[in-house]
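Take a look at the structure below.
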Amino acid sequence: MITKIANWFDERVGWKAVWETIFLRKIPKVNWLYTLGSATLFTAVNQAVTGILLTIYYVPTPDHAYDSVQYITTQIPMGWLIRGLHHWGASAMVILTVLHMLRVILLGAYKYPREVTWFTGVFLLLVVVGFGFTGYLLPWDQKAYWGSSVGTRIAGSTPVVGDWILRVMRGGPDLSAITLVRFFGVHVWVLPASLILLLGIHMYLVIKIGISAVPKREEE
Amino acid sequence: MNEKEKKTYLEQYKKDKEKGVPFYPDILFKDAVVSLLIFLVLAALAYFIGAPLEERANPSDTSYTPKPEWYFLFLFQLLKYFPGELEVVAVVVIPTLAIILLFLLPFLDRSTKRHFWNRPLISVLVIGSAAGVLFLTVQSIRETPPPAEASQGDPVAALYTENCAVCHSGTITVPEGTNLHDVIAQGTHEGMPAWSGDMTTDEIDALAGFILSPGGNALFKEYCSECHETSELVASDPIELKAALDEGDAYAPHAEVSIPEWSEEITLGERTALLNFLVAPDGQRLFATNCAQCHGRSVGFAGEENELRDLVSQGGLHLEMPPWRDTLNSDQLDALAQYVTASSDSGNTRELFEQYCASCHGKRIPTMDDYDQAREIIASGGAHETMPVWGEVLTSEQLGALVSYTMEAAEGTSLEAGQELFAQNCAVCHGDFGEGGPNPARSDDVIAPISTTEYLTTRDDHTLFQVIAQGQPNFGMSPFGSTFGGPLDDDQINTMVAYIRSWEANPPVELPPEVDSSSVSLSSGEVYAQLCAQCHGPEGLGDVGPSLRDPEFRAGNTSQDIFETISKGHEATPMIRWGDLLSQDTIQELTDFILGLEISEAGVKPEPTPGFSSFAEDVLPIFEAKCAPCHGSMGGWDSSSYDTVMTSGDNAPTIIPNDVENSILAQKITDTQTYGTMMPPGGKMTNNEIQLILDWISAGAPDN
Ligand code: HEM
Ligand code: HEM
């Protein structure tokens, strides 16, 4: 019965070919360090899922942001888990991304023919950092407010364009309601879109080129 | 990589792949295991710790210590190592460089080698950077105390975290010579509030110490805070602090407590840090707490910074003390000598000390072992060791701050202060610009100008100082130095000398010494314009002096009369004996010049009829000009205000309203006094002035 349905779909969708290219492809024998990329991918999915759930209740205004976060944590069933996963997941994602990058560097995996994979990776790193920076303000508690206030001011101390940067980030000279909606917009729309695009290319390349083999130490 | 290398790589990779495993299930299984583990960890963190939520954001609560998310801490920490102008290095240069390097990595490292052992440079760089970031993060966490903890144990650190850390993060680098106390108190830069409203002076001092010597704060906490509040020790007497640290339990106030020998317990460097913390190396504060007692608000110092540093650090023979035997009687001298040798503290003696000595010695009672010696020093005065040897007391940071502050302060104010002092003390006789005039102390004498280039180039500062301090008794100038019983202390005289010296660069009035040498051919018109016009007006129509074109004046004076007047001057007026300065020929030419001026009614009439109308407007200015130089706050009759005029003086009252005959003041200015000498001692005031004062007394000496 199940095979029948599967075949019916395959005839029309062609999923078996996809399945074969993604999951049944052969791969050089690799070690545990190679799981860091997929672990990062996992946290990205975790962030996306919990993040989307959070947006259901979260309100990005100075009046309600704090209350809505408190409501999520205390009133909604499993709300604490969703927010907890998102909160700790963010840190985990930063750590894993960096570790994944270190593994790529140390094992020379950015070399031919994987340079483009590497470029998308560096952009991904910036996106992840952007997520962390913008997400930090969203709960609108003291650490959020003052941390972002100082963070934006530091960025604003850039010579020449600093003031402009500060105004673009804050939406005015001060940290305000506008800043909050800006950060929210970037956090849930701009960055996720970039993340999906970049990850799409990243994963496409990983599958197409194949994962690198563990390099052997050459005798000189 | 060239084409061949690429091909070799691809072939090798193909072989590796064939020897390899399928993604599903082998690899995917590993990935799933790791992901599941991560999920469990996250869920555990969410369950046991939860996502923290602090107080609601409060934009007006500036006491909050901001902290960025932990993965930005290394940047935050990096900022601390690039203070001020260098900030851009940490904010822009390093991060941008890092990102660019990351992007370029595949182009920078193009060898075929892939194993990290075969690429030592890259490996070391990357691991080094990672370790650096890790180190910075750890450092940042260690350095910023969590707000709660800070406010409990360490009040000064708490002040810092609450008030400064918001903008300044962990440390502030203060440029040398900054008056930190003021910066904090007044909030001198953009966006910084004036803290003086929120903090006490002690707190600001403590904070300044904390900023300039954070290590000292930690030491204070460790060693002193058990017994002392910070606020009780900050900005206190550095001599005492130093003594306490050096002497251990031999230090008298520490005698009762069991404390370690500090000089063994803490190193020299630590003691310096501690002293810097307690008495912040902040010039103005140091001056205010340590020097102002003797030096008042400012010091006049015209020398080099090095000289000043030596002077301050060596202390010693510095201030001149008046010979007290002139002022005090023998019993009082005995009592004082007793007081400083044995500190025998009978209330009377303390009063005596406070009355005469405290203005310079402050609360610091000098001590001596030998009674006779002490008595001799007090009685005869002179140079004596008033100033502590600051070099032994202050740390070099403190000394540096003090010296640079003093230099700056002396530079900023001395000329104005000098001018003021000159106007108060000298201008009566020497003229506002040192141009001289008739000598009030000796008739028939003229005070020569002291602002001429000739005069100034032939006398050095030391000579000027001596002249002012000791006076010129033979010429009727009383001593002004406090050592000689005058009203000015050494600093004030120095300030004045600096002012007088400044005339050399910009002469206040053109009175070239060449004028009296007839060889210089100034036309009479030019001489008039330079000398006479000051009083008689550029047109000769009069100003301070009478009009020279007035018909009456012309009718009453022959050419000979005018020649005589110019040569001999008028007694007790600014019309000096020009004959002393100008040659006969020049005076004759001047006379002719004056006679050549067209006669005109338009001039200012000389000697307007006296008429008293107001004390404040008519009488007091005369007192100020003629009497105040001597009759000021020095004791005796004080001419500075209505109240003192009426009530002060050894023979008070000097003025009996409505009774001119019996008013001592009236007697003295009209030279009808029954005792003592006429006033002013140099000669009578003008008839006008005398009449005004007499009119005022007969009008009942009103205060209007
Ligand atoms: C959101 C962040 C990222 C995700 C989810 C992600 C995901 C992955 C995954 C699943 C792989 C397969 C191989 C493995 O697991 O090691 C991979 C490979 C790779 N990634 Fe990433 N990555 C991310 C960030 C980065 C970054 C920051 C870089 C470098 C700057 C990078 C560079 C690479 C390269 C060069 C490969 C190919 C490695 C090889 O073939 O051995 N990635 N990535
Ligand atoms: C992809 C879609 C995402 C959505 C829709 C989303 C949405 C949200 C929302 C609504 C919040 C506010 C709730 C709260 O503060 O607890 C939030 C917070 C946050 N997000 Fe995301 N997010 C996403 C991805 C990410 C990613 C990838 C990161 C990580 C690098 C991240 C990091 C954060 C952080 C650090 C917070 C603050 C959490 C806290 O401390 O409470 N988010 N996010």
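The sole residue among B:59, B:66 that is in contact (Cβ under 8 Å) with a residue 12 or more places away in the chain and either more than 21 Å from residue A:80 (Cβ to Cβ) or buried (at least 19 other Cβ atoms within 10 Å of the Cβ) (or both) is B:66.
Within region B:63-106, the set of residues being facing another protein chain (nearest Cβ under 8 Å) and under 30 Å from residue A:215 (Cα atoms) comprises B:99, B:102, B:103, B:105, B:106. Checked against the criterion of being in a helix (DSSP H, G or I) and either within 16 Å of ligand 1 (Cβ to nearest atom) or out of contact with any Pro (no Cβ under 8 Å at 6 or more places or on another chain) (or both), the candidates A:45, A:59, A:30 yield just one match: A:45. Say whether the condition of being assigned to a helix (DSSP H, G or I) and within 16 Å of ligand 1 (Cβ to nearest atom) is met by at least one residue in region A:64-73. Within region A:64-73, none of the residues are assigned to a helix (DSSP H, G or I) and within 16 Å of ligand 1 (Cβ to nearest atom). Just one of the numbered conditions (1) on the phi < 0 side of the Ramachandran plot; (2) more than 16 Å from ligand 1 (Cβ to nearest atom); (3) among the β-branched types (Val, Ile, Thr); (4) within 13 Å of chain B (Cβ to nearest Cβ) is not true of residue A:160: (1). Somewhere in region A:118-139, is a residue away from ligand 2 (no atom under 14 Å from the Cβ), at positive phi and more than 7 Å from chain B (Cβ to nearest Cβ)? Scanning region A:118-139, I find no residue that is away from ligand 2 (no atom under 14 Å from the Cβ), at positive phi and more than 7 Å from chain B (Cβ to nearest Cβ), so the answer is no. Identify all residues within region A:148-157 that are touching a Pro at 6+ places or on another chain (Cβ under 9 Å) and more than 7 Å from chain B (Cβ to nearest Cβ); write none if there are none. Selection gives A:148 alone. When the criteria are applied in full, residue A:205 fails the requirement of being touching a residue at least 60 places away in the same chain (Cβ under 8 Å), near ligand 2 (Cβ under 10 Å from one of its atoms) and buried (at least 17 other Cβ atoms within 10 Å of the Cβ). For region B:48-60, does any single residue satisfy the condition of being at the interface with chain A (Cβ under 9 Å from one of its Cβ atoms) and within 16 Å of ligand 1 (Cβ to nearest atom)? No - not one qualifying residue is present in region B:48-60. Residue count for region A:28-61 satisfying the condition of being touching a residue at least 12 places away in the same chain (Cβ under 8 Å), surrounded by fewer than 19 Cβ atoms within 10 Å (Cβ to Cβ) and more than 12 Å from ligand 2 (Cβ to nearest atom): 4. Within region B:1-40, being among the polar types (S, T, N, Q) and either facing chain A (nearest Cβ under 7 Å) or at positive phi (or both) holds for one residue alone: B:35.
Could you list all residues from region A:78-117 that are more than 9 Å from every other protein chain (Cβ to nearest Cβ) and not in a helix (DSSP H, G or I)? Selection gives A:78 alone. Considering only residues of region A:121-136 that are within 8 Å of ligand 1 (Cβ to nearest atom) and of a type in the set (Val, Ile, Thr), which is farthest from residue A:44 (Cα to Cα)? The residue in question is A:122.
Select from region A:174-220 the residues that are within 11 Å of ligand 1 (Cβ to nearest atom), within 15 Å of residue A:47 (Cα to Cα) and over 12 Å from the mean Cα position of the chain (by Cα) and list them in ascending order. Those that are within 11 Å of ligand 1 (Cβ to nearest atom), within 15 Å of residue A:47 (Cα to Cα) and over 12 Å from the mean Cα position of the chain (by Cα): none in region A:174-220.
Read the figures in this text as sums done on the coordinates, not as results from a lab. If you're wondering where the values come from, they're calculated on a predicted model, not measured in any experiment. As a convention, Cβ positions derive from the backbone with ideal geometry for all residues, glycine included, and neighbour counts pool all protein chains shown.
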